[in-house]
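J.: Quick one: structure below, then a few questions.
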Amino acid sequence: MSQIANYDNQMYKELKEIISEKKKIRNPLIEVLREAQAIFGYLPIEVQQFISSELDVPLNKIYGVVTFYNFFSMKPRGKYVINVCTGTACYVKGAPRIIQMISEELGIEMGETTKDGQFTLSAVRCVGACSLAPVFVIGEETYGRIETKAQVVDILNQYH
Amino acid sequence: MKRIDLLICCGSGCVSAGSLKIKNKFIELLEANDLRSEVNIIETGCMGPCDFGPVMMVYPEGVFYQKVTVDDVEEIVTEHFLKGRPVQRLMVTEDDKLKATKKEIPFYQKQVKVALENCGHIDPESMDEYIATGGFEAIGKVLSEMSQQETIDVVKDSGLRGRGGGGFPTGLKWQFGFNNKADQKYIICNADEGDPGAFMDRSLLEGDPYRVIEGMMIAAYAIGASRGYFYIRAEYPLAIKRIKLAMEQMREVGLLGDNIFGSAFSFDAEVRTGAGAFVCGEETALIHSIEGMRGQPTPKPPFPAERGLWDKPTVVNNVETLANLTSIYNKGAEWFASMGVGKSKGTKVFALTGDVKNTGLVEVPMGITLRDLIFEVGGGITNGRKFKAVQLGGPSGGCLTEKDLDTPITYESLLEKGAMMGSGGVIVMNDTNCMVNVAKFFLDFSVEESCGKCFPCRLGLKQMYGIMENITSGKGKEGDIEELIRLGNDIKKASLCGLGQTAPNPVLSTIRYFREEYDAHIKNKSCPAKVCTSLIHFDIDKSKCIGCSLCARKCPVNCITGNREDKYTIHQLDCIKCGNCDDVCPVHAVNIIPGMHYETLSAVQPTKKDTY
Ligand SMILES: Cc1cc2nc3c(=O)[nH]c(=O)nc-3n(C[C@H](O)[C@H](O)[C@H](O)COP(=O)(O)O)c2cc1C
Ligand code: FES
């Protein structure tokens, strides 16, 4: 937390540079928030305040945008975010079962993060790999045709 | 000149199935065999039959290989490339007949590729390959020979309608954009593809990005826009990368920038990414999202063509709409209009998924029947099960049944049947799917994605969801169906944007076609498809049970008791229906029975709080 509150921190320097770059495009708020989330992992209110003063956009507007879009999170997230697809194709092919398997394996519920900060279990709507349904995504890696718990465990073990 | 072209599909399906590893193995073995200079390896976008992945084609013969593994690479190199003997084992067979090339495979036979013409045939990161297939000829012709009005007229004559779901005539939309005079106008490519269960736009952007950009340039010229935006969902990082790369290459050679092809037309575009909100696919919401605000829709009129991005005239077109344009200008409006039926011209790309054999990306002429799409192109239902329903149009669409299979696919015919064309997601369902549960799934989606601005959508959908929740948990009551219909129709009439105006459709259409299933849930407290866990129960068949106690040990709530002599019994009141007992039973003595058990039935009565 102390890191987040300290505006001298390296992360803020990085963000400041990005903001001055992005200021060139019109209304860059969402693009800036995306970059900020990439740097900090999430968007705590301190970061939003910082962006507010740098971009000269009222904090309430920033808060409104952050809470509107699913992509943004105000809670810290794990090093790896497991996004289980709950789109239609995956749903009919058993997405709820995958969520149950991962949840059992990691001991966390949907939306939660493991104690060691490794994994966050989250859901997305269709990642466009429907023909491989059911699917989950970690980072940019897509894992499809998941049928057994053993498959899930194997994949998660690659990230320990 | 290389002797052999090896096209490896690197669409998302095949990449997940391992096509990149296979490519590396090819490079390794080709080098080892001194063949690197003879074989040209091309990474292409999606070839279509994702279910056969990883797939690849070898030219000049056009041999099509499916389900290739790293271990097969050596055989392909030594047999096919060195000795000229294609590996039959890896080809598609149908009724014991070998289908060596793409043309012979039934999956491809009824397809007509227009938007997907190049997808799976060229390297999507090579502008030269795009140009070699006739790329940028259309924009060249438009800029040098045609006035803006002539450009618009071609699209009008072609009969092209928006592929993003609404089906609005593209020529007419452009005409509005053209007629509204302003110092600055914008063109936006809608690549938000929010329909869960669809990946057409993704595949187009990843497989043939230049074509979409060229389409955008034609549209921009027609309406008089000098600036464009690609609004691409964040879930599609590769699509974002490819479009950005393609634009950079085009800028370098002057295909984007000032005075393109020496004409007076100057144009450039940038990419904006979505941040995970379905409603941002709606054009006014999308515009607000680009403006850096919450993506909430605003009432139309004013239409974007009049007052859109930063209050300037703006035309929003879907990816597939734009991808059709180059072919229309190259081959003529009459050619395009000769495909399809009635007011639905040309072709449509569909993402076939669910319980169908050949899942993947397909493009078929408008007017093809659902039967041909599902059973010919799609190869029918998997695992020998029965077809039950097909869902079109995602959360805005509806389910159709066996009876509707001979309906030709057009914008009008689908609407009439209570579904809609939508963006092209086709989800095929077999008889293990519960239609009430499927409708609840879509409603849940719409409840979550409702932006909250107008109350019929925000509150009404919640209300409907509550009733669906009751029905699927055994608390349904007489009159619920009528209430759902009433609410649904009101929400459709009173909502601000397309989301609310269509969100009740999945429920209404399943009531229309599967009313008896709703009745079973409400009156008999039974889920015939054995999906809704509250409306089924597990029972141990004592004549089969061997008393091994495995189920009792694996039961997470300890609701199974018994011993070797008396066999085992499930205590229904405590059972959470996790299914562990069924999974572990070595003799399959556990039965899943539709309907609540009488013990639970008497314990659950609707309380005041649960009634809506
Ligand atoms: C809730 C909602 C979601 C939509 N999502 C999309 C989408 O993901 N992609 C798309 O192209 N159009 C979508 N549309 C339709 C757009 O509003 C718009 O009609 C379309 O982009 C126009 O392009 P077209 O005429 O080329 O189809 C959506 C509409 C609504 C109401
Ligand atoms: S529904 Fe899961 S990837 Fe499309």
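J.: Of the conditions (1) open to solvent by less than 20 Å² (accessible area, probe 1.4 Å); (2) away from ligand 2 (no atom under 16 Å from the Cβ); (3) in contact with a Leu (Cβ under 7 Å, 6 or more places away or on another chain), B:Val349 clears all except one; give me its number.
T.: Status for B:Val349: all satisfied but (2).
J.: Please go through region B:289-331 and give me each residue that is open to solvent by 60 Å² or more (accessible area, probe 1.4 Å) and within 13 Å of ligand 1 (Cβ to nearest atom), ordered by number.
T.: Within region B:289-331, B:Pro299, B:Lys300, B:Phe303 meet the criteria.
J.: Based on this model, can you work out whether B:Ala234 counts as under 28 Å from B:Cys50 (Cα atoms) and either hydrophobic (A, V, I, L, M, F, W, C) or at pLDDT 95 or above (or both)?
T.: Criteria met by B:Ala234.
J.: Let me ask something else. Whether any residue in region B:56-76 is touching a residue at least 60 places away in the same chain (Cβ under 8 Å) and more than 30 Å from B:Leu245 (Cα to Cα) is what I want to check.
T.: no
J.: Counting only residues that are at the interface with chain B (Cβ under 7 Å from one of its Cβ atoms), outside any loop (DSSP other than H, G, I, E, B) and more than 10 Å from ligand 2 (Cβ to nearest atom), how many does region A:61-94 have?
T.: Final tally of qualifying residues: 3.
J.: Same structure again: Please work out which residue is farthest from A:Gly139 (Cα to Cα), limiting yourself to region A:28-68 and to residues that are polar (S, T, N, Q) and crowded, with 16+ Cβ neighbours inside 10 Å.
T.: The selected residue is A:Ser52.
J.: So, in region B:281-320, of the ones that are acidic (Asp, Glu) and under 17 Å from B:Asp195 (Cβ atoms), which residue ends up nearest to ligand 2 (Cβ to nearest atom)?
T.: B:Glu320
J.: Any idea how many residues of region A:103-138 are surrounded by 15 or more Cβ atoms within 10 Å (Cβ to Cβ), farther than 27 Å from B:Asn358 by Cα and either among the basic types (Lys, Arg) or within 15 Å of ligand 2 (Cβ to nearest atom) (or both)?
T.: 1
J.: Checking the condition of a type outside the set (S, T, N, Q) and either assigned by TED's automatic domain parsing to the domain that holds B:Lys388 or more than 26 Å from B:Gln296 (Cβ to Cβ) (or both), which residue from B:Val447, B:Val438 passes?
T.: Answer to the selection: B:Val438.
J.: Taking the residues in region A:139-156 that are open to solvent by less than 30 Å² (accessible area, probe 1.4 Å) and away from chain B (no Cβ under 14 Å) as candidates, determine which candidate is farthest from ligand 2 (Cβ to nearest atom).
T.: Here the residue is A:Leu156.
J.: Where in region B:259-373 are the helices (runs of 4 or more DSSP H), entirely inside, with at least 3 residues that are away from chain A (no Cβ under 14 Å)?
T.: Helices (runs of 4 or more DSSP H) meeting the threshold: B:319-331, B:333-337.
J.: For region B:93-114, indicate whether the set of residues that are open to solvent by 10 Å² or more (accessible area, probe 1.4 Å), in contact with a helix residue (DSSP H, G or I) (Cβ under 6 Å, 6 or more places away or on another chain) and part of a loop (DSSP other than H, G, I, E, B) is non-empty.
T.: For region B:93-114, residues open to solvent by 10 Å² or more (accessible area, probe 1.4 Å), in contact with a helix residue (DSSP H, G or I) (Cβ under 6 Å, 6 or more places away or on another chain) and part of a loop (DSSP other than H, G, I, E, B): present.
J.: Looking at B:Leu414, is it away from chain A (no Cβ under 14 Å), within 16 Å of ligand 1 (Cβ to nearest atom) and of a type outside the set (Phe, Trp, Tyr)?
T.: Taking the combined requirement at face value, the residue satisfies it.
The values are calculated or read from the model by the stated rules, or taken from the named source; none is laboratory data. Everything numeric in this text was worked out from a predicted model, so none of it was measured. No Cβ is skipped: glycine too gets one built from the backbone with ideal geometry, and neighbour counts run over all protein chains shown. Ligands, DNA and RNA are stripped out before the accessible areas are found, and what is left, the full protein with its side chains, is counted by its heavy atoms. Shrake-Rupley method; radii C 1.70, N 1.55, O 1.52, S 1.80 Å.
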